[in-house]
Amino acid sequence: MNAEPAIEVRGLTKRYGGRAVVGDVSLTVRKGEIAGFLGPNGSGKTTTIRLMCGLLTPDAGEGRVLGHDIRRAGRAIKREVGYMTQRFSFYEDLTIEENLNFVAGLYGLRPARRHVSDTLADLGLTARRHQLAGSLSGGWKQRLALAACIMHAPKLLMLDEPTAGVDPKARREFWDEIHRLAAEGLTVLVSTHYMDEAERCHRINYISYGKLVAKGTVAEVVRNAGLTTVILEGDDLTAAARRLEGAAGVDQIAPFGATLHVVGRDGAALRQSVERVAAETGTTMHPAETSLEDVFIQLMGGAKDNMG
Amino acid sequence: MSRFFSLRRLAALLAKELIQMRRDRITFAMMLGIPLIQLILFGFAINSDPKGLPAALVAPTQDRYTRAMVSALELTGYYRFTHPAASAAEAEALITKGDVAFVVTVPSDFGRRVERGDHPTILIEADATDPSVASGAISTLGIVAAEALLRESGAEAQAAETEATRLQVTVHKRYNPEGITQYNIVPGLLGVILQMTMVMMTSMALTREVERGTMENLLSMPATPIEIMLGKVLPYLGVGAVQVAVVLVAAKLIFDVPFVGALPLLLLGVFIFVAALVILGYLISTASRTQMQAMQLTFFFFLPSLLLSGFMFPYRGMPYWAQTLGEIFPLTHFLRLIRAVMLKGSDYAGVAQPMAALAVFVGAFATLALLRFRRTLD
């Protein structure tokens, strides 16, 4: 872990029409870790990933990916990085095998046939290899895309929301695959907005409106957020929620099934307000663990929307 | 709101259509630009009764009779003597290359024969590959020349209507003596067909990748711009080869177009021409964002090239500015090349110029395309 990090970028900035889509993002990803890259829609995750794999030129900032300068060594980065785009971007009018042959050729893999058949077998695609990519379901498309990204044995995998639109079972299998690859020494940067996926990462980086606002392990991020969470249970939760609106110390109120999650930065004030409302509405209060989702909602509320 | 027709629904559709039209700047520019360009080209450049055609004069003894005749011919407006003192060999080369449309030969004993009233004769060779070029010039020829000669010799008075004094004008319609239009059109069509299909197909090359979202992936893999370009255009060289074979065989079997030149020379020319076209298409592809735009740009290029290349209307009959404009189209040079080789039996030296021009297009288009190609998604 004392080796050079797989990704180390500082002050990355990308503007479109004067608007900073990515503003001053600094990011470090250690070798061999699975780094989660989180943030709401339109927060600049995709742009940051494209900047790091040489698909976009930054307006400001610098950095190294696998020891290569992101401004100058785009070609070297492309050879050693596997990038899985958010939208399926292989050829729908080619079969799985034809797509992989194409990729093997572009990376100059030899013998190409061997690489392709090994990759097909590794990802359980052999039986479907003659199927047109366009006719595959979301889960299989994602598997093909992953196969194509790892066939050239990259040192770093960048996955941009790889599991969007994929069912839970396929997601579970996908993440097992990611952990297997990481165990073999591959570094993975994966963007997502699923909380359960964030919790499967070694470390997470949270970006909001173009700025990196939190980073660390899941536990660190939750701890650093300094939030207090309590749960209300009872019959009249709707009335309780209405009364808590705008009460001292209350930042978030969210119904979860038969309970109400109440979150705030000022623990003492929060408890006081909730105790009062619990007494008024005949509900009961319990202390609770702050979840990653609570933290993210809090971070999203705190960050300024850069569209305005 | 009526079930079948509601103005409000129609208005919503119209409003949406207008917004989209306004956003698509290129389409908007095309809607204004195409009529304007068509108007100007058709209005000013096109001339189906071409005048001021370049001519060469072969006259070993330039006496006053010769000069009188030359100026009379020029006065008709049809002839412009760009090479007034050519040798027979030079004149032959000029007409083969297509630099002149006519060669007027005045024999060395012309003056003497006029004075003696001994059957004076001049020879006019016309490049009849395009029959419409030659017809007007030839039809006015005899009368004008004869009258001029009579004036000059002062023989009007005696109304020298005898057979012996009357000027004999011998006209040779070269290359296409029967004036068959197909001989000119069919070889030209090869160029037009190739241009339409090759440019249109390759103009979609990159925009298709962009529209399907595969471009991002392609760029994230280690393919270089030149590899991507060649990968996109080379397959169409094969398609072009098939088209060439089909058109040439049809020209021979269906239209009976004569083929007097060397086939290898023609094929070399066609190859360079097709290379220029596919790379031009690729260049259009690098400049467009959608397949629709690529189509429009192709069309925008296609129309003037059809009008100004000499395919539809005689090139030499256009005003000078239009001829200059015509030089920027590969089709113009290809038409010169294929007509020279197929109909006139030109050798390599005769078509070196159009061949070189086409090669320059290949280089220029490829350079521009590589410069325009965006390695990133910026």
Check: Inside region B:204-291, counting only helices (runs of 4 or more DSSP H) that do not spill past its ends, which hold 3 or more residues that are under 30 Å from residue B:96 (Cα atoms)?
Finding: B:225-253, B:263-287
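From A:280, A:275, grab the single residue that is farther than 11 Å from residue A:227 by Cβ and in contact with a Lys or Arg (Cβ under 8 Å, 6 or more places away or on another chain). Can you show your working first?
Values: A:275 fails: in contact with a Lys or Arg (Cβ under 8 Å, 6 or more places away or on another chain).
Checking each option against the conditions leaves just A:280.
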Notebook entry, point to check: Looking at (1) surrounded by 20 or more Cβ atoms within 10 Å (Cβ to Cβ); (2) touching a Ser or Thr at 6+ places or on another chain (Cβ under 6 Å); (3) away from every other protein chain (no Cβ under 14 Å), can you tell me which one residue B:229 breaks?
Noted result: (2)
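Residues of region A:32-55 being at positive phi and at the interface with chain B (Cβ under 10 Å from one of its Cβ atoms), which ones?
Going through region A:32-55, the residues at positive phi turn out to be A:32, A:39, A:42, A:44, A:54.
The answer is A:54, and nothing else.
Tell me which residues, restricted to region A:56-97, are assigned to a helix (DSSP H, G or I) and either among the hydrophobic types (A, V, I, L, M, F, W, C) or away from every other protein chain (no Cβ under 13 Å) (or both).
Going residue by residue through region A:56-97, those that are assigned to a helix (DSSP H, G or I) are A:74-80, A:96-97.
A:76, A:77, A:96, A:97 - these are the residues of region A:56-97 that are assigned to a helix (DSSP H, G or I) and either among the hydrophobic types (A, V, I, L, M, F, W, C) or away from every other protein chain (no Cβ under 13 Å) (or both).
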Next item on the list: Would you mind telling me which numbered condition in (1) within 11 Å of chain B (Cβ to nearest Cβ); (2) out of contact with any Phe, Trp or Tyr (no Cβ under 8 Å at 6 or more places or on another chain) residue A:132 fails?
Entry: (1)
Margin query: Being within 17 Å of residue B:272 (Cα to Cα) and touching a helix residue (DSSP H, G or I) at 6+ places or on another chain (Cβ under 7 Å) is the requirement here; does residue B:221 meet it?
Written below: no
Item checked: Residue check for residue B:64: in the same structural domain as residue B:150 (by TED's automatic domain parsing) and of a type outside the set (Phe, Trp, Tyr) -> yes
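The values are calculated or read from the model by the stated rules, or taken from the named source; none is laboratory data. Fair warning: this is a prediction, and the values are worked out from it, not measured in the lab. Counting neighbours? That spans all protein chains shown, and the Cβs are built from the backbone with ideal geometry, glycine included.
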